[in-house]
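A short worksheet on the structure shown next.
The values are calculated or read from the model by the stated rules, or taken from the named source; none is laboratory data. A quick note: this is a predicted structure, and the numbers were derived from the prediction, not measured. All Cβ positions, even for glycine, are placed from backbone atoms using ideal geometry, and neighbour counts span all protein chains on display.
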Amino acid sequence: MDHFPTLPSRKADHIRINLEEDVSSGMSAGFDRLRFCHQALPEINLEEVDTRLSVFGRTLNAPILISSMTGGTEKAAEINQRLAEAAQMAGVALGLGSQRAALENTCLVETFQVRKWAPDILLFANLGAIQLNYDYSIDQCLRVVDMVEADGLILHLNPLQEALQPEGDVQFRGLIGKIEEVCKKLPVPVIVKEVGWGISERVALMLLQAGVSAIDVAGAGGTSWSQVEMYRMKDEKQASIASVFRNWGISTVDSLRIVRRTAPGLMIFASGGIRNGLEIAKSIALGATVGGMAGPFLKAAIISTEEVYDLLQILHRQLQLTMFAAGAANLAELSSMPLMDDGN
């Protein structure tokens, strides 16, 4: 009989590996080849640059999402508290890590409950979409939303990661129909995201037809979860299999362009290898509503709430200065700014 790690054990492994090992993708997210056209006469005052927006009824001070990371362990509870406190201070959005562990063990619920520290933020609950093919239904989706008083539900897609895990769930056939059912029945918006390999044209069209409220492209160029799983493996052969997928996926920039073209009008979140406010600005110019980051926030949260808040302030200022130098007074103007592509 196989003995697989428990969910909390796996989550603890993921935190440790992300902090201690090189789990970066071998691919570029694509932002390095894009440039704004500098405006020597922007015809706006710096203090006039407005980065505020409204998403799903919540006002954000900046289009920044602290992307889904963790939960289900004592360390994860501390990380989530610090992320939430900083998000509240900065007025940005927060996505929680997968809450499956809390559904299976109610003792872990508190590791996700951050509303007491962040009463006003845009907050997303999170489940692996694949669980809908393993006896989960609208009931579990409602429970994770209610558990954390979330404004929306992120369903994440991670077929390659699941396939690389000895304990992975890989029965993906028919999943889109289950996602469509959740979109119809859940009283809050449903956002579907990848975990770091991007959204293709085929998948974007499927998700659009299923009725999702937004797609988070989570493209290649940031954390490679095949690398994370490689470091978890005790078996050399299994690690060797995982190692070849470091360059797998659709870059964040390519995925943003694909989704914008395939699903015009649908809200898009950008994540995957975003590292600064300039790249958040580039994401918005490519059609995203918000830009998300995970790895840098995890490293900051290990230190303190203040470290996370400082990072958010840096990102916000970088975004403001980018908009000023490009001549965009607000996010609507930024979204229509052309980008020069050195790759074409």
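Condition (residue is within 21 Å of THR252 (Cβ to Cβ), among the charged types (D, E, K, R), touching a residue at least 12 places away in the same chain (Cβ under 8 Å) and part of a helix (DSSP H, G or I)) applied to region 184-203: is it met by at least one residue?
Checked region 184-203: at least one residue is within 21 Å of THR252 (Cβ to Cβ), among the charged types (D, E, K, R), touching a residue at least 12 places away in the same chain (Cβ under 8 Å) and part of a helix (DSSP H, G or I).
Can you tell me which residue among GLY273, GLY343 is over 23 Å from GLY57 (Cα atoms) and surrounded by fewer than 16 Cβ atoms within 10 Å (Cβ to Cβ)?
Result: GLY343 is the single residue among GLY273, GLY343 that is over 23 Å from GLY57 (Cα atoms) and surrounded by fewer than 16 Cβ atoms within 10 Å (Cβ to Cβ).
Within region 196-205, work out how many residues are buried (at least 24 other Cβ atoms within 10 Å of the Cβ) and not small (Gly, Ala, Ser).
Selection size over region 196-205: 2.
Contact list please: Cβ distance under 8 Å, first residue in region 215-233 and in contact (Cβ under 8 Å) with a residue 24 or more places away in the chain, second residue surrounded by 23 or more Cβ atoms within 10 Å (Cβ to Cβ) and among the acidic types (Asp, Glu), pairs at least six apart or on different chains.
ASP216/GLU194; VAL217/GLU194; ALA218/GLU194; GLY219/GLU194
Any residue in region 1-21 that's farther than 15 Å from GLY168 by Cα: show its pairings with residues that are in a helix (DSSP H, G or I) and at pLDDT below 80 at Cβ separation under 8 Å, as long as the two are six or more apart or on different chains.
Correct list of pairs: empty, since none qualify.
Out of region 206-246, which residues are closer than 28 Å to THR289 by Cβ, surrounded by fewer than 20 Cβ atoms within 10 Å (Cβ to Cβ) and hydroxyl-bearing (Ser, Thr, Tyr)?
Correct list: SER213 only.
Going residue by residue through region 221-235, is there one that turns out to be at pLDDT 95 or above, among the hydrophobic types (A, V, I, L, M, F, W, C) and not in a strand (DSSP E or B)?
no
I need the full set of residues from region 198-252 which are among the β-branched types (Val, Ile, Thr) and within 15 Å of SER271 (Cβ to Cβ), in order please.
Across region 198-252, the qualifying residues are ILE199, ILE215, VAL217, THR223, ILE250, THR252.
Does LEU298 satisfy the criteria of being within 27 Å of LEU83 (Cα to Cα) and modelled with pLDDT under 95?
Numbers: within 27 Å of LEU83 (Cα to Cα): yes; modelled with pLDDT under 95: yes.
Yes: the conditions hold for LEU298.
Do we find a residue being among the hydroxyl-bearing types (Ser, Thr, Tyr), within 27 Å of ILE215 (Cα to Cα) and surrounded by 15 or more Cβ atoms within 10 Å (Cβ to Cβ) anywhere in region 7-24?
Within region 7-24, the subset among the hydroxyl-bearing types (Ser, Thr, Tyr) is 9, 24.
Subsequent filtering for residues that are within 27 Å of ILE215 (Cα to Cα) retains 24.
Now restrict to residues that are surrounded by 15 or more Cβ atoms within 10 Å (Cβ to Cβ): none.
Checked region 7-24: no residue is among the hydroxyl-bearing types (Ser, Thr, Tyr), within 27 Å of ILE215 (Cα to Cα) and surrounded by 15 or more Cβ atoms within 10 Å (Cβ to Cβ).
Got a sec? Which of LEU108, LEU122 is surrounded by 22 or more Cβ atoms within 10 Å (Cβ to Cβ), more than 22 Å from GLY249 (Cβ to Cβ) and more than 20 Å from the chain's Cα centre (by Cα)?
Matching residue, one of LEU108, LEU122: LEU108.
For a quick check of your reading: which strands (runs of 3 or more DSSP E) sit entirely within region 1-85 and have at least 2 residues that are more than 21 Å from the chain's Cα centre (by Cα) and modelled with pLDDT of 85 or more?
In region 1-85, the matching strands (runs of 3 or more DSSP E) lie at 34-36.
Determine if region 284-291 includes at least one residue that is part of a helix (DSSP H, G or I), within 22 Å of ASN61 (Cα to Cα) and of a type outside the set (Val, Ile, Thr).
yes
Restricting attention to region 25-79, which residues are of a type in the set (Gly, Ala, Ser) and either buried (at least 22 other Cβ atoms within 10 Å of the Cβ) or without any contact (Cβ under 8 Å) to a residue 60 or more places away in the chain (or both)?
Answer for region 25-79, where residues must be of a type in the set (Gly, Ala, Ser) and either buried (at least 22 other Cβ atoms within 10 Å of the Cβ) or without any contact (Cβ under 8 Å) to a residue 60 or more places away in the chain (or both): SER25, ALA29, GLY30, ALA40, SER54, ALA62, SER67, SER68, GLY71, GLY72, ALA76, ALA77.
Please indicate, with yes or no, whether at least one residue in region 80-87 is under 16 Å from VAL145 (Cα atoms) and either of a type in the set (Asp, Glu) or touching a Pro at 6+ places or on another chain (Cβ under 6 Å) (or both).
No, that holds for no residue.
Return the total of residues in region 139-178 being out of contact with any helix residue (DSSP H, G or I) (no Cβ under 9 Å at 6 or more places or on another chain) and either in a loop (DSSP other than H, G, I, E, B) or surrounded by fewer than 16 Cβ atoms within 10 Å (Cβ to Cβ) (or both).
3
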